[in-house]
Each structure stands twice: as structure tokens, then as C-alpha cells.
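To start, the structure itself, in C-alpha cells.
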Amino acid sequence: MPGARTEVPGEFAWPAKGKVIQGFGEARSTGIAIAAAPGDPVSAAADGKVIFSGQGPRGYGNLIIVKHDADTLSVYAHSRTLLVKEGQSVRKGQKIAEAGDSGADKPKLLFEIRKGGKPVDPLKLLPSK
């Protein structure tokens, strides 16, 4: 189909610098957990528009959701501080939050990518470290 986006590794950038401490599908995870110290920068993984910024559902803590196209979202959970508001456009690599442990047992970033409403493994879309 003309103009259709395909899943290309490297389309997204890493949202945080830490190592992956929980993989996709582990312990029913719908994303990956990235180690972070409180206050570490959390960056937008790709250009998009913030469609949610606030207290997320139980287990997510302070949450940001960015819409990238008609069916692709990225989710950033457990932030200490949210730096963007709903409706705001963000650029790939822009600092959107500070890592924390809201809704979590230790400081980390829970990062999810959803396509068509379904979680996909972010490691398949992120560049290798």
C-alpha cells in the first residue's frame, strides 16, 4: 500500500541510557524496563504528539503517551517529573520527563511501543546499543 509505514529498526531512539533490566513479555510485561537513577532524562523515542501526560493506571505511575502516526504510540512510565503536556508536539531525542519510581518498586523507565493498540517488542524497533 503506498505511503504505508513499515517497522524499520532504528526508526525509534533509546528513551533512556540505562541497561534493559526486564525484557518484553517477562513477568507479563508489555514493554521493557530500563534501569535509571531518579532524575535521569527520559527522551521521546520519535517525533510525535503527547496524547496523555499525568497519573497513569495502577502500576504505571506518572505516565506519558506519545502518538507517532495513525496506529503507533510510545509509552513512558514511572517518571518522577513530567515535562510535557497533552497536545504538545515533541521531537525525537527531546527530554520529556525525569526518571523515577512512581508506581514501581525501584527507579526505572517502563517503555512500551504499541501498534494498532497491541504491544510490540521495543527491542525490535530500537537501534542496537
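Out of the residues in the stretch 89-107 that are in a strand (DSSP E or B) and charged (D, E, K, R), state the one that is farthest from P38 (Cα to Cα). Step by step, filter the stretch 89-107, then rank; the result is K95.
Only residues that are surrounded by 19 or more Cβ atoms within 10 Å (Cβ to Cβ), within 15 Å of A77 (Cβ to Cβ) and at pLDDT 95 or above were counted across the stretch 44-63, and they come to 6. Only one entry of E112, E86, E98 meets the criterion of being at pLDDT 95 or above and under 12 Å from S43 (Cβ atoms), and that entry is E98. For G23, the conditions (1) surrounded by fewer than 15 Cβ atoms within 10 Å (Cβ to Cβ); (2) farther than 20 Å from K115 by Cβ; (3) touching an Asp or Glu at 6+ places or on another chain (Cβ under 9 Å) are fulfilled apart from (2).
Filter the stretch 75-88 for residues that are within 17 Å of A36 (Cβ to Cβ) and either surrounded by fewer than 24 Cβ atoms within 10 Å (Cβ to Cβ) or basic (K, R) (or both) and give the result. Hits for the stretch 75-88 are V75, R80, T81, L82, L83.
Among the residues of the stretch 84-104, is there at least one that is without any contact (Cβ under 8 Å) to a residue 60 or more places away in the chain, touching a Gly at 6+ places or on another chain (Cβ under 9 Å) and of a type in the set (A, V, I, L, M)? Within the stretch 84-104 (the criterion being without any contact (Cβ under 8 Å) to a residue 60 or more places away in the chain, touching a Gly at 6+ places or on another chain (Cβ under 9 Å) and of a type in the set (A, V, I, L, M)), the answer is yes, since at least one residue qualifies. Tell me yes or no: at least one residue of the stretch 103-112 is more than 14 Å from L125 (Cβ to Cβ), of a type in the set (A, V, I, L, M), crowded, with 18+ Cβ neighbours inside 10 Å and under 13 Å from the mean Cα position of the chain (by Cα). Scanning the stretch 103-112 turns up at least one residue that is more than 14 Å from L125 (Cβ to Cβ), of a type in the set (A, V, I, L, M), crowded, with 18+ Cβ neighbours inside 10 Å and under 13 Å from the mean Cα position of the chain (by Cα).
The values are calculated or read from the model by the stated rules, or taken from the named source; none is laboratory data. Note that this is a predicted model, so its numbers are computed, not measured. Cβ sites come from the backbone with ideal geometry, for glycine too, and all protein chains shown count toward neighbours.
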